[in-house]
């Protein structure tokens, strides 16, 4: 590979990392998060837990939380399967590389660069796996918190609501990790473009960033969640 090709790959990867990691950091700023769909959903969780605290029977709440946690388990297992598949490709990357380079507009890569691309993808899904696995575990803790909510009686309303707020925050932390894991899948889609060309990686990075911004701050679902009437 020429020095120019290596430089282009380096610029594309730097843009990819800075853009997506930077977006995760900036969107997590408290003032911005409150304006996003993440903040809107958290306020709905708080309302949900407050309603749960004044109910005598909380079976439905536990079932709802169990259904949400199953999604985390599914994505964690999917990430593990993908990691295994990508790891297997490390041993036969030359064959996969030959097949890819037969496609039009695919830039030639050295074996070392091709394995670097695979390692990037593995790293992304390892990140997603740990995020989803921890979110799944936190969902169990949240279920315990729901079960431990005091029975509403005269004089303990404040204790019930305080416990409900802490439970809502715990569920929100689980959702933060699940959201980070799901973003990993978006990042992986952009990262796949690097197998074709570094310019494709830059274009895919911009495309994924635009999707994330729209869904977090300008989607119809966010407007519905923010509506109070």
Helix-derived [θ] at 222 nm for the chain: sum -39500 (n - 2.57) over DSSP H runs of at least 4, divide by residue count, nearest 500? -27500 deg cm²/dmol
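If I take R0 = 41 Å and measure r between the Cβ atoms of residue 64 and residue 18 in this structure, what FRET efficiency does the formula 1/(1 + (r/R0)^6) give, to the nearest 0.05? Display every interim value, and only then the final one.
Details: r = 38 Å, r/R0 = 0.93.
Efficiency computed from Cβ-Cβ geometry: 0.60.
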Order of 219, 139, 180 under a 10 Å beta carbon neighbour criterion, fewest first: 219, 180, 139
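Taking the number of other C-beta atoms within 10 Å as the exposure measure, put 16, 187, 23, 141 in order starting with the fewest.
On the way: 16 24, 187 28, 23 17, 141 13.
Ascending number of Cβ neighbours within 10 Å: 141, 23, 16, 187.
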Just to be sure I understand the model, the point goes 7 Å from the Cα along the line to the Cβ. What's the resulting residue 192 to residue 226 distance in nm? 3.2 nm
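Just to verify a number: FRET efficiency for residue 54 and residue 30, C-beta to C-beta distance, R0 = 30 Å, to 0.05?
Working: r = 29 Å, r/R0 = 0.95.
Efficiency computed from Cβ-Cβ geometry: 0.55.
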With a point put 7 Å past each Cα toward its Cβ, work out how far residue 206 is from residue 126 in nm, to one decimal. 3.2 nm
If R0 is 30 Å, what FRET efficiency do you get for residue 166 and residue 81 from their C-beta distance, rounded to 0.05? 0.30
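Please compute, over every Cα-Cα pair in region 102-151, the percentage with a separation greater than 19 angstrom.
Values: 704 of 1225 pairs.
So the portion of pairs separated by more than 19 Å is 57 percent.
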Between region 153-197 and region 25-82, how far is it from one alpha carbon centroid to the other, in angstrom? 6 Å
Angle between the Cα long axis of helix 59-91 and the longest principal axis of the chain, 0 to 90 degrees, nearest 10? 10 degrees
Full extension from residue 73 to residue 44: what is 0.36 nm times the residue separation minus their Cα-Cα distance, to one decimal in nm? 8.1 nm
Ranked 59, 82, 213, criterion: other C-beta atoms within 10 Å, fewest first: 59, 213, 82
Residue 215 versus residue 7: modelled label distance in nm, points set 7 Å from Cα along the beta carbon direction: 3.6 nm
Contour excess over end-to-end distance, with Cα ends at residue 112 and residue 157 and 0.36 nm allotted per residue: 9.9 nm
Tell me, what is the percent relative contact order of the chain, built from C-alpha pairs under 8 Å that lie six or more residues apart? 33 percent
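A short reminder: the numbers here are calculations on the coordinates, not readings from a lab. Since the structure is predicted, the reported quantities are computational estimates derived from the model, not experimental observations. Reconstructed Cβ throughout: ideal geometry from the backbone, glycine too, with neighbour counts over all protein chains shown.
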